[in-house]
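Quick notes on the structure that follows.
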Amino acid sequence: MVGGLARKTAPRDLARDPESWPDSAIDDVAARVVQAIARALALALEREKRSLRQVSTGSGVNRQAISDLLAGRCWPDIVTVARLEDFLAVPLYPRDGMRSTHQNRPSRSQGNPSQGTTK
C-alpha cells in the first residue's frame, strides 16, 4: 500500500493540536494536503448550503467517507476527491499541489549532476 504504515495514523492525529482540525499546524506533508482538501470541501458545502446526504447522492461518494474526510479521520483516495470535485464543480486539491507544503525546496538531495544517477 502506498504510504505503508504511515497511513495507519489519521491525518488529524498528525496535527500538533488534533482537536483544532482542520486549523492546526501539521508537519506531515501528506496530512497538510488532506487538511487543505477538507477545508476546501467544508467551504464548498457551506457556500452551496449542501448536506452530506445531498453530496453523497450526487457524487456517489459514501456519506460516512465524506464525514471522515471533513473530520480528518481518513486518507481520501483520488477517486473520492475527483468525484467530489466533479459534483461540486470546485477544485478541492490544493491548486499549487505540494509546492507550498515543500516551501519550494527539492524533496531529494540534488547530488553532483556530473555523477549521474542509476536506478
Out of the residues in the range 50-70 that are in a loop (DSSP other than H, G, I, E, B) and touching a residue at least 12 places away in the same chain (Cβ under 8 Å), which is nearest to PRO11 (Cα to Cα)?
VAL61
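For the subset of the range 34-44 comprising residues that are of a type outside the set (Val, Ile, Thr) and farther than 12 Å from LEU84 by Cβ, which member is surrounded by the fewest Cβ atoms within 10 Å (Cβ to Cβ)? So that I can check it myself, show each step before the final result.
So the first thing to find is which residues in the range 34-44 are of a type outside the set (Val, Ile, Thr), and the list is 35-36, 38-44.
Okay, now just the ones that are also farther than 12 Å from LEU84 by Cβ, so 35-36, 39, 43.
Details: GLN35: 24, ALA36: 19, ARG39: 16, LEU43: 12.
Top of the filtered list is LEU43.
What residue, of ARG12, ARG73, ARG47, is surrounded by 12 or more Cβ atoms within 10 Å (Cβ to Cβ), among the basic types (Lys, Arg) and part of a helix (DSSP H, G or I)?
On the way: ARG73 fails: part of a helix (DSSP H, G or I); ARG47 fails: surrounded by 12 or more Cβ atoms within 10 Å (Cβ to Cβ).
ARG12 is the lone residue from the list that is surrounded by 12 or more Cβ atoms within 10 Å (Cβ to Cβ), among the basic types (Lys, Arg) and part of a helix (DSSP H, G or I).
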Looking only at the range 15-44, count every residue that is among the charged types (D, E, K, R), under 13 Å from the mean Cα position of the chain (by Cα) and assigned to a helix (DSSP H, G or I) and tell me the total.
2
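Within the range 56-70, take every residue that is within 21 Å of ARG95 (Cβ to Cβ) and surrounded by fewer than 21 Cβ atoms within 10 Å (Cβ to Cβ) and give me the one that is nearest to the chain's Cα centre (by Cα).
Filtering the range 56-70 down to residues within 21 Å of ARG95 (Cβ to Cβ) leaves 59, 69-70.
Remaining after also requiring surrounded by fewer than 21 Cβ atoms within 10 Å (Cβ to Cβ): 59, 70.
Working: SER59: 18, LEU70: 10 Å.
Looking at residues that are within 21 Å of ARG95 (Cβ to Cβ) and surrounded by fewer than 21 Cβ atoms within 10 Å (Cβ to Cβ), I get LEU70.
Restricting to the range 76-107, what's the tally of residues that are hydroxyl-bearing (Ser, Thr, Tyr), outside any loop (DSSP other than H, G, I, E, B) and modelled with pLDDT of 95 or more? Step through it out loud before you land on a result.
Pass one, the range 76-107, residues hydroxyl-bearing (Ser, Thr, Tyr): 80, 93, 100-101, 107.
Next, from what is left, pick out any that are outside any loop (DSSP other than H, G, I, E, B): 80, 100-101.
When the remaining residues are screened for being modelled with pLDDT of 95 or more, the result is 80.
Within the range 76-107, residues that are hydroxyl-bearing (Ser, Thr, Tyr), outside any loop (DSSP other than H, G, I, E, B) and modelled with pLDDT of 95 or more number 1.
The values are calculated or read from the model by the stated rules, or taken from the named source; none is laboratory data. All figures in this text were calculated on a predicted structure; none of them were measured in a lab. Glycine also receives a Cβ, built like all others from the backbone with ideal geometry; neighbour counts cover every protein chain displayed.
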